[in-house]
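Participant: Attaching a single structure in structure tokens format; questions to follow.
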Amino acid sequence: MITLRPWQPEDRPLLDRFNTLEMTAHLVAQESDEELEKRHRRYLRTDLPGRMLVICDGDDAVGSIGYWETSEGADDAVWEAGWSVLPEFQGRGYAGQALAALLDVVRADGRHAEIHAYPSVDNTASNALCRRAGFTLRSARPFPFRGEEILSNDWALIL
């Protein structure tokens, strides 16, 4: 059984662990230390809609999951979700449990009617997770990410 907790200052080393060739294989590229530090500071902010959370199994941080506002067109704000599970913890159901818990959080928030996820079309595990969690595949399209575009699936779930 996992728990989710808010991102904390001491969680900065997790970003380094996520920033490997293995963990960024479906993303544009690895990030510089400066980019990681900027992201860490953003994750710590509590004045923005959404949150970044750490996936925990007991005292062990096994990954992260978060949600934030994005626009799906003219004035249509929705939630977007993203997650990472450290390689040594993958394949144990942590991402699925974390996504189910996250969906409870965003439903309780009530701010938006939909949540989307945009995994790369070749990210088999994340696409399967979206399907299992009840998301509907809307399209495959170029998606802006870190200043570039990757071909991503647009999965959506009505909350």
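We did not get these values from a lab; they are worked out from the coordinates using the rules stated. These numbers were taken from a predicted model, which means no experiment stands behind them. No Cβ is skipped: glycine too gets one built from the backbone with ideal geometry, and neighbour counts run over all protein chains shown.
Participant: Quick one: of the DSSP bridges fully inside the chain, what percent are antiparallel, nearest 5?
Facilitator: Roughly 95 percent of the beta bridges in the chain run antiparallel, per DSSP.
Participant: Order by neighbour count: Asp11, Asp57, fewest other Cβ atoms within 10 Å first, most last.
Facilitator: Asp57, Asp11
Participant: What does the helix-only formula give at 222 nm for the chain: each DSSP H stretch with n ≥ 4 adding -39500 (n - 2.57), the total divided by the residues, and the result rounded to the nearest 500 deg cm²/dmol?
Facilitator: -8500 deg cm²/dmol
Participant: Using a/c under 1.5 as the rounded threshold, could you call the stretch 34-108 rounded, prolate or oblate? The axes a ≥ b ≥ c are square roots of the C-alpha gyration tensor eigenvalues, and prolate needs a/b larger than b/c, oblate otherwise.
Facilitator: Because a/c hits 1.5 or more and a/b fails to exceed b/c, the stretch 34-108 counts as oblate.
Participant: Report, in debye and to the nearest 20, how large the dipole of the stretch 8-159 comes out about its Cα centre when Lys and Arg carry +1 and Asp and Glu carry -1 on their Cβ.
Facilitator: Dipole about the Cα centre, nearest 20: 360 debye.
Participant: What is the list of residues in the stretch 5-36 whose amide nitrogen lies under 14 Å from a point 7 angstrom out from the Cα of Arg45, following Cα to Cβ?
Facilitator: In the stretch 5-36, the label zone of Arg45 (backbone N under 14 Å from the point 7 Å along Cα→Cβ) covers no residue.
Participant: Just want to confirm a number: the relative contact order over the chain, from Cα pairs under 8 angstrom separated by 6+ residues, in percent.
Facilitator: Value for the chain: 20 percent.
Participant: Taking a ≥ b ≥ c as the square roots of the eigenvalues of the Cα gyration tensor of the stretch 1-79, is the shape rounded (a/c under 1.5), prolate (a/b larger than b/c) or oblate?
Facilitator: oblate
Participant: How much length is gained on full extension from Asp57 to Glu69, taking 0.36 nm per residue of separation minus their Cα-Cα distance?
Facilitator: Gain on stretching Asp57 to Glu69: 1.6 nm.
Participant: Find how much the distance from Ala100 to Asp16 grows on full extension, using 0.36 nm per residue of separation minus their present alpha carbon separation; answer in nm with one decimal.
Facilitator: Contour length minus Cα-Cα distance gives 27.7 nm.
Participant: Given N residues in the chain, what is Rg(Cα) / (2.2 N^0.38 Å)?
Facilitator: Normalised Cα radius of gyration, the chain: 0.98.
Participant: Figure the gain on full extension for Ala29 and Val121 (residue separation times 0.36 nm, minus the Cα-Cα span) and round it to one decimal in nm.
Facilitator: Value of the extension gain: 31.5 nm.
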